Amino acid sequence: MIDLIILVTLLALGYGFGSYAESRHYKSIIARENTLRHIPAVTSRFPPMNEGSRDAALVSGSVVVSVDYFKRFIATLRNLVGGRVTSYESLVDRARREAILRMKAEAEKLHADIVFNVKLETSSIHKGRGNSIGSVEVLAYGTALKTDQ
Amino acid sequence: MIVTNIEILPDKRIVQHLGLVQGSSVRAKHVGRDIMAGLKNIFGGELKGYTELLQESRAEAMERMIEQAEAVGANAVLNVRFSTSSVAAGAAELFAYGTAVVLE
């Protein structure tokens, strides 16, 4: 009985705080994406070879995001029937966009105009109980360049 | 020291290739941060302690790579890649490698 109460409390806490944190995070991501739109991040490996491109520097951004208890519970249930695990999809989506934003913010600090050869790396660093993914780390890195245009 | 992850620089010419240089760092976090991370696993959200930890160790891996590049007489490291692997529970290895070159 007491176990059930603890489980329900954890689920409720996870659902409440988790969805609040997620919606707030998405709002902040969208706002910052709009302010950093003038620095495109492209995956092209080669920069334009004209005279104006200069001051190449490595920029990177990383974030570790954890999934909440409720979503992990839902994902465990989803494991039984199979299909899209939407609760984890939003987790990695948030982490990737946040990492790219942090990388762009670093590029902005260097007064760069564009970020080339952007690579994204995802790794699960912390295994939760029962070996389910507890949190993911996303690293975004690329080369910031100034272009005279 | 110029460090980039592109293979050629638009404004500089490569004079000499000096081969691969690398740096790595294995770190674990203290128990307090693990407990905080455990709490965050209930509420969800960013694990700031882990983010910082990984950034620090990545910076250290880069530093070691740059030291190695300086030792062979390079003035730039091109085509840098990062890789992460967890070697044990609660510890992560951060690895950075690239090509040391001499630019004119």
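For the range A:71-84, the condition holds for at least one residue, the condition being that it is in a helix (DSSP H, G or I), open to solvent by less than 20 Å² (accessible area, probe 1.4 Å), farther than 22 Å from A:LEU120 by Cα and more than 9 Å from every other protein chain (Cβ to nearest Cβ).
A quick yes/no check of all residues on (1) within 11 Å of chain B (Cβ to nearest Cβ); (2) closer than 23 Å to A:ALA144 by Cβ:
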residue: A:PHE17; (1), (2): yes, no
residue: A:ARG32; (1), (2): no, yes
residue: A:LEU36; (1), (2): no, yes
residue: A:THR43; (1), (2): no, yes
residue: A:PHE46; (1), (2): yes, yes
residue: A:MET49; (1), (2): yes, yes
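If we keep just the residues of the range B:9-33 that are open to solvent by less than 60 Å² (accessible area, probe 1.4 Å) and at pLDDT below 85, which is nearest to the other protein chains (Cβ to nearest Cβ)? Ranking the candidates gives B:PRO10 first. Taking the stated definitions as given, is A:SER62 farther than 27 Å from B:LEU54 by Cβ, within 10 Å of chain B (Cβ to nearest Cβ), open to solvent by less than 40 Å² (accessible area, probe 1.4 Å) and not hydrophobic (A, V, I, L, M, F, W, C)? So A:SER62 does not fit the description; no.
The values are calculated or read from the model by the stated rules, or taken from the named source; none is laboratory data. Keep in mind the model is a prediction, meaning the values are calculated, not measured. Note: ideal-geometry Cβ built from the backbone for every residue, glycine included; neighbour counts use all protein chains shown. SASA here: full protein model, heavy atoms, side chains in, ligands and nucleic acids out. Shrake-Rupley method; radii C 1.70, N 1.55, O 1.52, S 1.80 Å.
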